[in-house]
Protein chains: 2
Amino acid sequence: MSEPFDPATLVYDARGLIPAIAQDATSGEVLMMAWMNARAVAETLASGRVTYWSRSRAELWRKGDTSGHIQRLKELRVDCDRDCLLLSVEQTGAACHTNRRSCFYTAIIEGEEVEMIAPETS
Amino acid sequence: MSEPFDPATLVYDARGLIPAIAQDATSGEVLMMAWMNARAVAETLASGRVTYWSRSRAELWRKGDTSGHIQRLKELRVDCDRDCLLLSVEQTGAACHTNRRSCFYTAIIEGEEVEMIAPETS
């Protein structure tokens, strides 16, 4: 009950992008959400190194090439509508550019924004 | 180290929407990704019932109103760029409209699409 996967069969938005959620393969923590185009999906699968599309730089962004905070792909999943990806990853260092483990470090608690995760010190 | 939260301060796309990832509060499983507008964010926080914006129906979609598969909000988090939300939820029944626990039931394994989660039978 399997069939060959073709990144072209995913549903991309008007910019040719699909959201990709990165989840820590060990802890289950959701680390970040970024965007991929079809080429980023193909390169991620081919290399095992998670590669997004940087909207600000308008170029492929192989996570960790400058920071060292790479993501190794353990498994890629596609959702029912084929318009969102879930990546199970081995995260080296902090996923967030603020040097926090996860980008989701701000919780809304009783109407207040509360910082739940401190930057890593190493 | 907290400040009042205002949904208007989030970063919405050109359609006025922000992606929202729902994660099972107990298991850590990522259940689905859908979209919210500022009103959906406000209603979710006020009611504790997760409410998305349905792009196909162009209306607020209080999850579970027709299916019974409601999501109770345990915690809402905002990411570093304020352009993505992470919802920790108590999920009743299946999150996916295909009656699977999670929408992310298809894995890409060695270039093949493999179904990892069967529909629930109840």
Among the residues of the stretch A:1-51, how many are within 20 Å of B:Ala34 (Cα to Cα), under 15 Å from the mean Cα position of the chain (by Cα) and of a type outside the set (Gly, Ala, Ser)? 13
Wholly within the stretch B:6-122, which strands (runs of 3 or more DSSP E) include no fewer than the required count, namely at least 1 residues that are of a type in the set (Lys, Arg), within 19 Å of A:Glu29 (Cβ to Cβ) and facing chain A (nearest Cβ under 10 Å)? B:71-78
Name the residues in the stretch A:34-53 that are touching a Phe, Trp or Tyr at 6+ places or on another chain (Cβ under 9 Å) and surrounded by fewer than 14 Cβ atoms within 10 Å (Cβ to Cβ), would you? A:Arg39
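Bear in mind these aren't lab numbers, they're just calculated from the coordinates by the rules spelled out. Predicted, not measured: the structure shown is a model, and the values here were computed from it. Please note: Cβ atoms are built from the backbone with ideal geometry, for glycine as well, and neighbour counts cover all protein chains shown.
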